[in-house]
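Notes follow once the structure below has been shown.
Computed from the coordinates by the stated procedures, all read-outs in this text should not be read as laboratory data. None of the values given here were measured: they were computed from a predicted structure. Cβ sites come from the backbone with ideal geometry, for glycine too, and all protein chains shown count toward neighbours.
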Amino acid sequence: MKALLICKFSSILAGLWLGFLPIFCIAQTAPPDVDIYLVDLTVKKGKAQLSNPQNVTNREGYDNQPSFTPDGKALLYTSMRENQTDIYKYELKAKTSLPMTNTPESEYSAAVTPSGKHFSTVRVEPDGTQRLWQFEIANPQNASLVLENLKPVGYYVWANTTQLALFVLGEPNSLYTASVNDGKNQKIEGSVGRSFHKIPKQKNIVSFIHKVTDKQWFVKSLEMQNLKIMTVIETLEGSEDICWTKEGILLISKGSKIYQWNSKTDQTWVEVADFTSMGVKQITRIAVNPKGNLLALVGAK
């Protein structure tokens, strides 16, 4: 998400541009130049195939954190313009982007809520507090807090209509669960990464990255009802950006490449695509659309 900090309206906003790990900072530094690409995705005989990459933001500046809408017709993303981050929506058919928020605060990590009536975001409030908010899709000027007492939030995933798994900043950064019904939250695990996803075909189970040591990171699953954690697979070294295809194949990025792990056929990670020829040096965020035929990725040049 963020990399250093921005001073705006007397508030200090901090973090890693690609990782959203806020720390206090004195100098304003430009975020990395990253774009969002859409790539055709097919799965044949248990192997993902990626083709026809298209740069859909294609501008100088910071466009990151793509999240498909449930109908698959658009994706929400974070865009920085004039030292301000807001949520934008890219319409796939029209190939156009429009702002969804235009606020004095900064918003990140947008996702449509399970009700379909709102989109949630991590909002950096005027005093620097980072909490989870939601905006009405029909009227984005109407915003409200989702979880009042849990902060500072960096990332999250809706596990179901009432429960979330969240990345909460601290020493170490930790995995929490929270309920929107009563606002109660609970710390589950420490030393976690930024990728949180629902696991396809598994009810109320989400995946997260557990950084056991500096070099040994694992994809793990969390059952939201009984809080049982299980190890899925060790990540590629230094890689924490993952997503799932609708078939349950796990994708991970490392450098300019995408790898897969299919629990039914793969013993380890298998390379499926290399975007070096497009000038992409680092892929950081990846997401699959609901239909399972498109991959969105964030590429740094």
Item to check | Residues of type aspartates and glutamates that K246 reaches as a straight line, Cα spacing below 18 Å, ignoring anything fewer than 8 places off in the same chain | outcome: D40, D71, D266
Item to check | Computed magnitude of the charge dipole of the chain (debye, nearest 20; Cβ of K, R +1, Cβ of D, E -1) | outcome: 780 debye
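So how do L132, L92 line up by other beta-carbon neighbours within 10 Å, fewest first?
Numbers: L132 21, L92 16.
Lowest to highest Cβ neighbour count: L92, L132.
Normalised by the residues of the chain, what does the relative contact order come to in percent, with Cα pairs under 8 Å and at least six apart? Before the final figure, lay out the partial values.
Values: 800 pairs, mean separation 40.5, N = 301.
Worked out over the chain, it gives 13 percent.
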Checklist entry - Tell me, how many Å apart are the Cα centres for the range 261-301 and for the range 78-98? => result 22 Å
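Going through the cross-link list K89/K301; K211/K291; K257/K291; K184/K257; K89/K228, which pairs have a Cα-Cα distance over 28 Å in this structure? Walk me through the intermediate numbers first.
Details: K89/K301 23 Å; K211/K291 31 Å; K257/K291 23 Å; K184/K257 40 Å; K89/K228 36 Å.
Beyond 28 Å: K211/K291; K184/K257; K89/K228.
Quick one: divide the alpha-carbon radius of gyration of the range 246-301 by 2.2 N^0.38 Å and tell me what you get. Walk me through the numbers on the way to the answer.
Values: Rg = 11.6 Å, N = 56, 2.2 N^0.38 = 10.2 Å.
Against the compact-globule rule of thumb, the ratio is 1.15.
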Checklist entry - In the Gaussian network model of the chain, springs joining C-alpha atoms below 10 Å, which of K117, K45, K254 carries the largest mean-square fluctuation? => result K45
Checklist entry - Considering only W217, M278, G72, whose Cα is most displaced toward the positive end of the charge dipole of the chain, charges sitting on Cβ of Lys, Arg (+1) and Asp, Glu (-1)? => result G72
Item to check | Convex hull of Cα atoms in the range 5-300, direction-averaged projection (nm²) | outcome: 14.7 nm²
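Of D40, D266, D214, how do they rank once you tally other Cβ atoms within 10 Å and put the fewest first?
The most exposed by this proxy come first: D214, D40, D266.
What percent does the relative contact order of the range 53-155 come to when contacts are Cα pairs within less than 8 Å and at least six residues apart? Show your work: numbers first, answer last.
Details: 215 pairs, mean separation 16.9, N = 103.
It comes to 16 percent, rounded to a whole number.
Rounded if a/c is under 1.5, else prolate if a/b is larger than b/c, else oblate: which is the range 195-246, with a ≥ b ≥ c the root eigenvalues of its Cα gyration tensor?
Details: a/c = 2.77, a/b = 1.52, b/c = 1.82.
Oblate, since a/c reaches 1.5 and b/c is not below a/b.
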Checklist entry - Quick one: putting +1 on the C-beta of Lys and Arg, -1 on the C-beta of Asp and Glu, what dipole do you get for the range 54-116 around its Cα centre, in Debye to the nearest 20? => result 300 debye
Checklist entry - By counting other Cβ atoms within 10 Å of each Cβ, how are S79, S106 ranked from fewest to most? => result S79, S106
Checklist outcome for this item: So the pair-distance distribution of the range 169-279, from every Cα-Cα distance in 5 Å bins, comes to percents of 2, 11, 20, 23, 19, 12, 7, 4, 1, 0, 0
